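Notes to accompany the following structure.
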Amino acid sequence: MNYEIQEKPEWGEAATFVPNKFSPVYNWFYYKEGYSRNLVLDVLDMFKFGEKAKKGSGGFVLDPFCGVGTTNLACRERGINSVGFDISPLALFAATVKCRSYDVAKLREAFASLRQSRFEMPDRLAVPGDIRRFFNPHTLDDVLFFRSQMNRIQDHAIRDFFRLALISTATRCSYMFKDGGALKIKKHPVPPFRKVYFAHIKRMMHDLKKLKTKKCKTIITEGDARHIRLQDESIDCVITSPPYLNKIEYTKIYRVEEALFFGSRDGEHGIRSFIGTKAEPEMLFPDLPLAANAYFSDMSRVLKELHRVCKQGAKLALVAGNGCFPDRVVDSDVLLAQLAEQAGFKVKNILVLNKRWCMRHRVEKVGVLRESMVVLEKK
Ligand SMILES: C[S@@+](CC[C@H](N)C(=O)[O-])C[C@H]1O[C@@H](n2cnc3c(N)ncnc32)[C@H](O)[C@@H]1O
């Protein structure tokens, strides 16, 4: 099958989380796997989706792999209704907190009382040793103390707001170092926890004034993209980025946050329902490695589900990275386009956003890895 493959390097940086670092609210939690606000707004413009919303016939945008809610938050800026699903409790929590509306006066009041809370020594040894080693003991005491203070806050939205600030600050003040797919320890002097935590909360409250959102519906909930809990033909547009082939490391690199704040061990939630983890998948592409088949058989299921929930004429943008294997590059963009076509979609084009080398043993070049956007339409 021949698809129109077009270079679009001007969207390259927007396909990463980097621009979000400078965007209020989007930057409340750093999610390396995410894309940026700019990419979502550019796609909405490309699909002319905002115009429909202005005329009051907006419909719903879906992100079945919503991560920290970038698609949903950008839709809120434009007043567009959206639904987001994800399987990671941590990502879902960040997405939910970022996509809420707040009463800033109430937040200020609760913040004043949080600042005055008197320190009580927590039981640091209750934290498993493999998690404890990522922190200086005094920092961990502060993290655990504030974690216990959260239970005193009645209003769940306010509690979650301070909790997200706590998660981000705990990461920042730890020895944790996310090196690609591995979680490493780098011991260095850490900034004083309380100071950083309070400054982070103040900045978050300030951000609420800076980011203007419009009235619309935003639904963010736990869900597996292979079984989308939506009615047939209920969605007008999909903007999303599934996990990339051969990159299931998020199940490992957020294990400290998950263990400390969500009581889960070793990313257990993620691993169970993560895309591409089945041991005996359907071999859709027999010439490809087993890991690639596990990925594509799940993604084929996702594409069929997307076809079911989309209305006729719905437009879809799927950002995906090609897979790097020791002996070859697997062109996921083209193979996903092929599976999308089999599911009933029309492939409009493939936009190549970024390119880099796939390396064997960090020295030998195997081939060029593309990160692309597959643009589809339901016929
Ligand atoms: C590339 S990230 C998407 C990031 C998102 N675009 C953002 O800006 O935050 C892929 C996401 O898919 C989620 N995920 C993995 N398997 C899933 C599944 N079966 N159903 C739903 N979400 C899944 C991961 O937890 C991760 O957050």
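The values are calculated or read from the model by the stated rules, or taken from the named source; none is laboratory data. Nothing here was measured: the structure is a model prediction, and the numbers come from that model. Every residue, glycine among them, receives a Cβ derived from its backbone with ideal geometry; neighbour counts consider all protein chains shown. Ligands, DNA and RNA are excluded from the accessible area calculation, which covers all protein heavy atoms including side chains. Shrake-Rupley method; radii C 1.70, N 1.55, O 1.52, S 1.80 Å.
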Next item on the list: Using the structure shown, list the pairs from 178/252; 106/202; 247/355; 186/365; 98/209 with a Cα-Cα distance above 18 Å, or answer none.
Entry: 186/365
Check: Hey, what number do you get for the chain at 222 nm if only DSSP H runs of n ≥ 4 count, each worth -39500 (n - 2.57), divided across all residues, to the nearest 500?
Finding: -12000 deg cm²/dmol
Note to self: Cross-link candidates for residue 278: which aspartates and glutamates have Cα within less than 12 Å, leaving aside residues fewer than 8 places away along the same chain?
What the structure shows: 298
Notebook entry, point to check: Computed over the Cα atoms of the chain, what is the convex hull's projected area averaged over all directions, in nm²?
Noted result: 19.5
Next item on the list: Could you provide, to the nearest whole Å², the per residue accessible area of the chain with probe 1.4 Å?
Entry: 46
Margin query: Charges at C-beta only: +1 for Lys and Arg, -1 for Asp and Glu. How large is the resulting dipole of the chain about its Cα centre, in Debye rounded to 20?
Written below: 1460
Note to self: If I model a spin label at residue 205 and residue 32 as a point 7 Å from the Cα along the Cα→Cβ vector, what separation in nanometres do I get?
What the structure shows: 3.3
Note to self: Applying a 10 Å radius around every beta-carbon, put 155-165, 25-35 in order of their mean neighbour count, most first.
What the structure shows: 25-35, 155-165
Notebook entry, point to check: Pick from 44, 369, 92: which residue has the top mean-square fluctuation in a GNM of the chain where Cα pairs under 10 Å get a spring?
Noted result: 369
Check: Using only the Cα atoms of the range 1-125, what do you get for the radius of gyration and for Dmax, in Å?
Finding: 18.5, 66
Check: So which cysteines of the chain have no other cysteine's Cβ under 4.7 Å from theirs?
Finding: 66, 75, 99, 173, 216, 237, 310
Checklist line | Protection proxy ranking of 210-217, 197-204 - average other beta-carbon atoms within 10 Å, highest first | finding: 197-204, 210-217
Notebook entry, point to check: Per the 1.4 Å probe, what fraction of the accessible area of the chain, in percent, lies on carbon and sulfur atoms?
Noted result: 50
Next item on the list: May I ask you to list the lysines whose Cα is less than 16 Å away from that of residue 379, ignoring any residue fewer than eight positions away on the same chain?
Entry: 304, 311, 315, 346, 348
Item checked: Nearest 10 degrees, 0 to 90: helix 332-343 Cα axis against the chain principal axis -> 70
Note to self: Can you tell me the length gained on complete extension of the stretch residue 45 to residue 151, counting 0.36 nm per residue apart and subtracting the Cα distance?
What the structure shows: 33.9 nm
Check: Which order, highest average first, do 127-139, 324-336 follow once you tally other Cβ atoms within 10 Å for each residue and take the mean per peptide?
Finding: 324-336, 127-139
Item checked: Proximal aspartates and glutamates relative to residue 215, as straight alpha-carbon distance under 12 Å, when same-chain residues fewer than 8 apart are discounted -> 77
